[in-house]
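Colleague: Dropping the structure in here first, questions after.
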Amino acid sequence: MSPVPAFFASYQARVDEVLRRLVPTDRDGAIERSMAYTLFAPSKRVRPVLTQLSAEICGGAATKALPAAAAMELVHTASLILDDLPAMDNAPLRRGRPANHVEFGDAIAILAAFGLLNLSYGTLVRSYEPGLSARLAALLDEAVGADGLIGGQAADLLATEREIGFELLERIHRGKTGALFNAAAVAGAMTAGADAESIAALSAFAKNLGLAFQIVDDLLDVEGDPSETGKATRQDARKTTFVSFSGVAGAHQLATELCQTADHALTPFGRRADKLRELSAFVAARHV
Amino acid sequence: MEETRPPASDDPRVDELRQRLRSLGYLDAGVDRFVLGSARSTRSASAIAFFASLRVGALAAVLLGPAAAIGLSARMPGLVTGPSDAIVVAIYLGAFFGIAIALSTLLASLLVASFSRRAKMSGRRSLGLAAGVVVTFGCLLYLTLWWQTVIAGVGWSAPFWTLSALALAVAMSLLLGHAVSVASSAVALAASENQTFGAAETRAVKASLSWPVTLASGAVAFGAAALLLTWSAGATRAATVPREPLTIVPSGLRVRVIAVDGFDVRILEELTASGRVPALATAFGDGGIALESAGGTADTDDPARIWTTIATGQPPDVHGVEGLETRRVAGVQGSVAMAGPSPIARAIRGATDLVRLTRPSIASGTERRTKTFWEVAASAGLRTAVVNWWATWPASPEAGIVLSDRATLRLERGGPLDAELSPATLYDTLRQQWTEIRTRAESRATAAIDFNGEEAARTILRRSAELDAVQLELLSRIATPATDLSAVYLPGLDIAQHALLGDEPSRLAPSGLASRLEALKAYYVALDRLVGPLLAPAQDELVVIVTEPGRVSGSRGARVALRGVIARLPDTTASNATSVAPTVLYALGVPMSREFSTGPLIEALDPRFSTRYPLRYVASYGPPSTASATRAGQPLDQEMIDRLRSLGYVR
């Protein structure tokens with residue numbers, strides 16, 4: 001398991017509890033098993049933890065943020081299942097196990113992904129009062145849509161085996177990683193009733209952290225050990241990555257600077273944001 | 001968790017990528033980088049307050065230092081003598097305001113944090129904003145008053161300048177207020193740990209100003225203030241240059257001004273009755289005209305103050321020489337008057353001297369804001385010579401021949417000139433003649449003194465007479481061939497009187513007082529012999545004898561007497577000390593400045609002269625020249641202080 005900060009455990013446990021209620025693991029149906037298979041595979045739960053921490057530093061209760069946190073993880077898991085499909089990245093391993101489509105077949109995997117995606121919106125609608133749930137759903141819509149995950153993945157697929165420019169690479173990273181990082185942080189703040197400026201500060205944190213996270217992902221694809229990362233390495237060999245532009249050392253340097261910038265965005269929150277700072281330190285230093 | 005921090009890459013691609021990331025909105029935390037930049041690694045409210053306050057203080061130093069220097073230089077013209085002085089003063093004031101604002105910000109932040117722990121959510125932001133608003137208005141108030149000072153000194157009335165200055169003041173005030181608000185709000189947020197907060201808490205913290213914007217704003221404000229500073233340093237003096245040329249209507253007269261300090265008319269009257277001072281008796285045959293002080297009784301206590309009043313025809317609050325003792329600020333060539341008998345003023349002087357921020361100095365011409373009568377005459381094209389007048393160092397090269405109050409000291413000590421006299425070419429000549437000058441002065445002093453009393457008193461009389469004789473000897477050498485105007489200040493009587501009687505003669509025992517008074521009277525006799533030849537005017541000459549009672553209490557007031565073909569017994573027996581300069585200039589045919597508060601002593605002049613030469617006026621003589629003669633040597637500040645201390649002028 002990855003060496004996440006110690007405080008992660010309680011936050012992970014809380015969101016896992018919610019996720020297990022949403023996606024029970026004792027069902028026999030293929031689609032339910034497929035959904036649970038990837039959802040409960042070993043995971044750091046970075047996004048839902050980010051949602052809970054954002055809510056806390058904005059004065060909200062982490063428990064109130066849990067449905068939103070769970071929704072983020074559901075969307076993220078759905079995106080992973082879809083990304084691994086043969087029609088897309090065709091990745092054999094995910095979270096240390098065979099990828100969902102390898103275990104359940106392409107069709108079930110696709111349905112499981114849609115099931116998780118559907119569940120995320122439903123969770124938001126069922127858990128919050130109409131005004132807040134509508135704003136959270138709109139937030140998720142932006143993160144998942146053509147300007148977010150879907151758009152990023154599409155751009156990524158079209159860029160495969162092509163030489164692409166830096167701006168397009170950023171667009172891909174922003175869509176595939178940054179959008180959901182941003183949504184996770186902002187959703188937590190929204191459940192706490194934070195003002196626009198607090199949300200903007202957390203958004204700046206998430207934006208920089210999200211790109212740093214993706215750059216480190218690129219680095220792990222080059223340097224990582226599949227037994228530790230839980231996924232196949234050199235999968236990006238056909239792709240242009242951040243490392244292609246900056247080299248390994250440069251990518252490390254920029255990832256560190258992005259994490260430092262993310263920390264700086266938290267300055268107004270004082271000590272309350274220490275856990276978020278630990279999260280960014282983890283991202284900067286992670287090797288799995 | 002393993003922490004790995006890769007070494008900084010020197011790959012040029014990284015720099016390029018960094019720039020591209022910035023253009024895409026990354027690597028920008030979105031908080032005020034300037035105010036909170038140094039607090040990024042801190043967590044506690046007090047630490048954030050401390051680091052943010054340092055930044056705000058630095059901003060205040062950059063903004064307010066030059067602005068305050070402009071105002072101060074307008075108020076104290078002697079302080080800033082050039083660009084280097086202006087920079088040093090701006091740095092001092094910048095440090096002062098920086099520390100003051102930093103402390104204020106720290107205090108405000110901590111207070112806001114303290115209140116915010118008890119305040120409701122909405123109250124916290126209001127407190128932070130309130131701190132910013134208070135600083136904004138305080139700063140704007142100060143800058144407006146500062147601007148008023150500058151206008152008073154420079155005379156700007158153009159709407160463009162006024163609007164520009166106000167816009168600058170507003171920008172600076174808003175910037176500082178914003179910075180304080182950001183700092184206070186950040187501290188309030190950090191202090192509200194473990195408390196619920198939310199709505200509108202971070203509005204001020206989330207910066208609208210990134211560091212480049214802050215830096216650019218500061219740079220623009222600083223640049224504008226610096227330009228104003230540089231401009232106003234010259235403009236304060238150049239702005240009121242008279243537009244009308246000084247056209248002389250030659251009267252054919254030469255004027256000789258003899259200034260005698262420490263003069264008591266009662267002693268003169270007594271000696272006149274006994275026939276011991278024939279020359280002075282003739283000069284003051286009618287008793288002369290009593291001169292009231294232009295600036296109150298305090299004038300009589302301070303020779304630099306009253307003699308500058310006499311020389312300029314303006315009261316002290318106009319001419320600017322407030323007192324004999326001044327302070328030189330470390331690193332600044334100019335000086336600032338820090339006179340004042342109050343214990344607080346003394347304590348401040350003592351404290352700043354102790355930390356070597358200031359050091360004692362003597363009143364100089366750099367503090368003077370108006371022209372002396374010899375400077376006016378010289379600017380009108382007349383040949384002038386002045387010897388030993390107070391506050392004439394550094395000698396101006398545009399004021400004829402000037403042997404300043406430090407000239408004797410320089411001639412004694414030798415070494416390169418530090419503007420002790422002008423023109424500089426005169427220095428070599430006088431240095432070569434110095435031994436002869438001293439010898440002649442000593443012999444004239446010895447011959448003049450007729451006193452057989454106690455040895456100590458004789459020594460005092462001889463020393464004083466030698467001082468006067470040296471000045472007279474110098475005048476005779478520099479005013480040959482005859483100048484249109486010559487003036488000499490004779491300190492000997494005041495020095496003798498002070499040495500013999502002290503500050504308060506009433507404290508002396510009656511027997512001692514009698515013998516000391518006899519010695520003093522002997523000095524009047526000696527003075528009569530020394531100046532006698534000068535008191536008799538030639539056919540084309542007006543002699544003006546100005547006396548002042550000096551430092552000994554109980555003496556009667558200043559007097560002026562005119563001798564010469566155009567002089568007559570005056571209708572009045574009283575006038576003002578400021579009337580001497582207009583009288584001298586009028587006799588020379590120079591038009592009067594409308595800035596004079598009193599006119600010439602018409603009643604002491606022959607009506608035919610007044611009729612033939614009606615009063616003419618110009619708006620102003622303009623400010624004195626800022627140029628000084630050769631300054632290659634070391635200033636004789638300490639030597640001057642030591643000498644004046646030995647003579648009882650400085651304690």
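The values are calculated or read from the model by the stated rules, or taken from the named source; none is laboratory data. Note that this is a predicted model, so its numbers are computed, not measured. Glycine gets a Cβ as well: all are built from the backbone with ideal geometry, and neighbour counts include every protein chain shown.
Yes/no matrix, rows are residues, columns are (1) out of contact with any Pro (no Cβ under 6 Å at 6 or more places or on another chain); (2) not in a helix (DSSP H, G or I):
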{"site": "B:Thr578", "(1), (2)": "yes, no"}
{"site": "B:Leu585", "(1), (2)": "yes, no"}
{"site": "B:Glu595", "(1), (2)": "yes, yes"}
{"site": "B:Arg608", "(1), (2)": "yes, no"}
{"site": "B:Thr611", "(1), (2)": "yes, no"}
{"site": "B:Gly622", "(1), (2)": "no, yes"}
{"site": "B:Ser625", "(1), (2)": "yes, yes"}
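Colleague: Does A:Tyr128 satisfy the criteria of being crowded, with 19+ Cβ neighbours inside 10 Å, out of contact with any strand residue (DSSP E or B) (no Cβ under 7 Å at 6 or more places or on another chain) and not basic (Lys, Arg)?
Modeller: yes
Colleague: Confirm whether B:Asp494 is more than 31 Å from the chain's Cα centre (by Cα) and among the charged types (D, E, K, R). Walk me through how you get there before you give the answer.
Modeller: Details: more than 31 Å from the chain's Cα centre (by Cα): no; among the charged types (D, E, K, R): yes.
So B:Asp494 fails the test.
Colleague: With respect to the numbered conditions (1) modelled with pLDDT under 90; (2) touching a Lys or Arg at 6+ places or on another chain (Cβ under 6 Å); (3) of a type outside the set (Phe, Trp, Tyr), which one is the sole condition not fulfilled by B:Asp484?
Modeller: Here B:Asp484 meets the rest and fails (1).
Colleague: Could you go through the range B:444-456 and let me know if any residue there is at pLDDT 90 or above and among the charged types (D, E, K, R).
Modeller: Yes; the residues of the range B:444-456 include at least one that is at pLDDT 90 or above and among the charged types (D, E, K, R).
Colleague: Does A:Gly188 meet the test of being within 14 Å of chain B (Cβ to nearest Cβ), outside any loop (DSSP other than H, G, I, E, B) and of a type in the set (Gly, Ala, Ser)?
Modeller: The answer is yes for A:Gly188.
Colleague: Checking A:Met88 against (1) loosely packed, with under 15 Cβ neighbours inside 10 Å; (2) in a loop (DSSP other than H, G, I, E, B), which test does it fail?
Modeller: (1)
Colleague: Take the range A:240-267 and flag every residue that is more than 7 Å from every other protein chain (Cβ to nearest Cβ) and among the aromatic types (Phe, Trp, Tyr).
Modeller: The one that is more than 7 Å from every other protein chain (Cβ to nearest Cβ) and among the aromatic types (Phe, Trp, Tyr): A:Phe242.
Colleague: For the condition surrounded by fewer than 23 Cβ atoms within 10 Å (Cβ to Cβ), more than 22 Å from B:Gly550 (Cα to Cα) and either at pLDDT below 65 or more than 20 Å from the chain's Cα centre (by Cα) (or both), what is the one hit in B:Gly275, B:Gly340, B:Gly287, B:Gly295?
Modeller: Exactly one of B:Gly275, B:Gly340, B:Gly287, B:Gly295 is surrounded by fewer than 23 Cβ atoms within 10 Å (Cβ to Cβ), more than 22 Å from B:Gly550 (Cα to Cα) and either at pLDDT below 65 or more than 20 Å from the chain's Cα centre (by Cα) (or both), namely B:Gly275.
Colleague: Within the set of pairs 6+ apart or on separate chains, which have a first residue in the range A:268-285 that is more than 7 Å from chain B (Cβ to nearest Cβ), a second that is assigned to a helix (DSSP H, G or I) and among the acidic types (Asp, Glu), and C-beta atoms under 8 Å apart?
Modeller: Close Cβ pairs (under 8 Å, with a partner that is assigned to a helix (DSSP H, G or I) and among the acidic types (Asp, Glu)) amount to A:Lys275/A:Glu56; A:Arg277/A:Asp263; A:Ser280/A:Asp263.
Colleague: Out of the range A:192-228, which residues are within 11 Å of chain B (Cβ to nearest Cβ) and either hydroxyl-bearing (Ser, Thr, Tyr) or not in a helix (DSSP H, G or I) (or both)?
Modeller: Within the range A:192-228, A:Ala192, A:Gly193, A:Ala194, A:Asp195, A:Ser198, A:Ser203 qualify.
Colleague: Quick one: B:Gly648 ticks every box in (1) touching a residue at least 60 places away in the same chain (Cβ under 8 Å); (2) assigned to a helix (DSSP H, G or I) bar one, so which box is it?
Modeller: Unmet for B:Gly648, out of (1) touching a residue at least 60 places away in the same chain (Cβ under 8 Å); (2) assigned to a helix (DSSP H, G or I): (2).
Colleague: What is the number of the single condition among (1) closer than 30 Å to A:Ser246 by Cβ; (2) buried (at least 23 other Cβ atoms within 10 Å of the Cβ); (3) away from every other protein chain (no Cβ under 14 Å) that A:Leu136 does not meet?
Modeller: (1)
Colleague: If you don't mind, another one. Quick one: in the range B:22-43, which of the residues that are more than 7 Å from every other protein chain (Cβ to nearest Cβ) and part of a helix (DSSP H, G or I) is modelled with the lowest pLDDT?
Modeller: Once the filter is applied, the top-ranked residue is B:Arg33.
Colleague: To continue, here is another question. Take A:Leu111 and decide whether it is part of a helix (DSSP H, G or I), under 15 Å from the mean Cα position of the chain (by Cα) and at pLDDT 95 or above.
Modeller: no
Colleague: Going by the conditions given, is A:Phe8 of a type outside the set (Val, Ile, Thr) and under 25 Å from A:Met190 (Cα atoms)?
Modeller: Numbers: of a type outside the set (Val, Ile, Thr): yes; under 25 Å from A:Met190 (Cα atoms): yes.
Here the answer is yes, as A:Phe8 does meet what is asked.
Colleague: Restricting to the range B:578-602, count the residues that are among the charged types (D, E, K, R) and out of contact with any helix residue (DSSP H, G or I) (no Cβ under 9 Å at 6 or more places or on another chain).
Modeller: The qualifying residues number 1.
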